1. Out of curiosity, is G65 at pLDDT 95 or above, in a loop (DSSP other than H, G, I, E, B) and surrounded by fewer than 11 Cβ atoms within 10 Å (Cβ to Cβ)?
2. When you scan region 101-117, do you find a residue that is within 27 Å of Q1 (Cβ to Cβ), among the small types (G, A, S) and open to solvent by 30 Å² or more (accessible area, probe 1.4 Å), even just one?
3. I'd like to verify a number: residues in region 16-33 that are closer than 20 Å to N83 by Cβ and open to solvent by less than 50 Å² (accessible area, probe 1.4 Å), how many?
4. Does at least one position in region 35-48 carry a residue that is in contact with a Ser or Thr (Cβ under 9 Å, 6 or more places away or on another chain) and of a type in the set (A, V, I, L, M)?
5. With respect to Q71, determine if the residue is surrounded by fewer than 20 Cβ atoms within 10 Å (Cβ to Cβ), of a type in the set (S, T, N, Q) and assigned to a strand (DSSP E or B).
6. For region 20-43, give me the residue count where each residue is more than 19 Å from S58 (Cβ to Cβ) and of a type in the set (D, E, K, R).
7. Condition first: in contact (Cβ under 8 Å) with a residue 60 or more places away in the chain and open to solvent by 10 Å² or more (accessible area, probe 1.4 Å). Now tell me which residues in region 77-91 satisfy that.
8. I want to confirm something. Restricting to region 40-58 and keeping residues that are hydroxyl-bearing (S, T, Y) and open to solvent by less than 50 Å² (accessible area, probe 1.4 Å), which single residue is nearest to the chain's Cα centre (by Cα)?
Amino acid sequence: QVQLVESGGGSVQSGGSLRLSCAASGYTYSSYCMGWFRQAPGKEREGVAAIHSDGSTSYADSVKGRFTISQDNAKNTLYLQMNSLKPEDTAMYYCAATPGWCFGRYLRPSYEYPYWGQGTHLTVSS
């Protein structure tokens, strides 16, 4: 069974940095996509970043140049390094995984991800 557990959320001031982690287990697909999504109260869930098993990455325009997605296969852990944080980054952040492709012109939508963590909250204060 696939399990994803996020950690690393918290409160940070605008301009600060934080790294989120997602510990994965039970995921045996040779070709897969792992992504970070976020959802703020009253807003739709949006894709933040994704990384394919071949190492390629893609980002939402709103976080390009500020966020970096990576994975440590030895530790079975996904990371999201967030720099230059803004108040609008405040949201619940979710780790997700799905077999197959990760992105083309756009990030693969959230409804195509069958595996999700419980989320970790980030608050960025001004």
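The values are calculated or read from the model by the stated rules, or taken from the named source; none is laboratory data. Keep in mind it's a predicted model, so treat the numbers as computed, not measured. Note that we place each Cβ from the backbone using ideal geometry, even for glycine, and neighbour counts take in every protein chain shown. All accessible areas refer to the heavy atoms of the entire protein, side chains included, with ligands and DNA or RNA removed. Shrake-Rupley method; radii C 1.70, N 1.55, O 1.52, S 1.80 Å.
1. Working: at pLDDT 95 or above: yes; in a loop (DSSP other than H, G, I, E, B): yes; surrounded by fewer than 11 Cβ atoms within 10 Å (Cβ to Cβ): yes.
So G65 fits the description; yes.
2. Within region 101-117, the subset within 27 Å of Q1 (Cβ to Cβ) is 101-103, 107-117.
From what's left, among the small types (G, A, S): 110, 117.
From what is left, the residues that are open to solvent by 30 Å² or more (accessible area, probe 1.4 Å) are none.
The answer is no, given that none of the residues of region 101-117 is within 27 Å of Q1 (Cβ to Cβ), among the small types (G, A, S) and open to solvent by 30 Å² or more (accessible area, probe 1.4 Å).
3. Narrowing region 16-33 to residues closer than 20 Å to N83 by Cβ: 16-22.
Subsequent filtering for residues that are open to solvent by less than 50 Å² (accessible area, probe 1.4 Å) retains 16, 18, 20-22.
Total satisfying the criteria: 5.
4. There is at least one residue in region 35-48 that is in contact with a Ser or Thr (Cβ under 9 Å, 6 or more places away or on another chain) and of a type in the set (A, V, I, L, M).
5. On the way: surrounded by fewer than 20 Cβ atoms within 10 Å (Cβ to Cβ): yes; of a type in the set (S, T, N, Q): yes; assigned to a strand (DSSP E or B): yes.
The answer is yes for Q71.
6. Residues meeting the conditions: 1.
7. Y79, Q81, N83, S84, K86, P87 - these are the residues of region 77-91 that are in contact (Cβ under 8 Å) with a residue 60 or more places away in the chain and open to solvent by 10 Å² or more (accessible area, probe 1.4 Å).
8. First pass over region 40-58, keeping only residues hydroxyl-bearing (S, T, Y): 53, 56-58.
Within this subset, residues satisfying the condition of being open to solvent by less than 50 Å² (accessible area, probe 1.4 Å) are 53, 56, 58.
On the way: S53: 14, S56: 14, S58: 11 Å.
The residue in question is S58.
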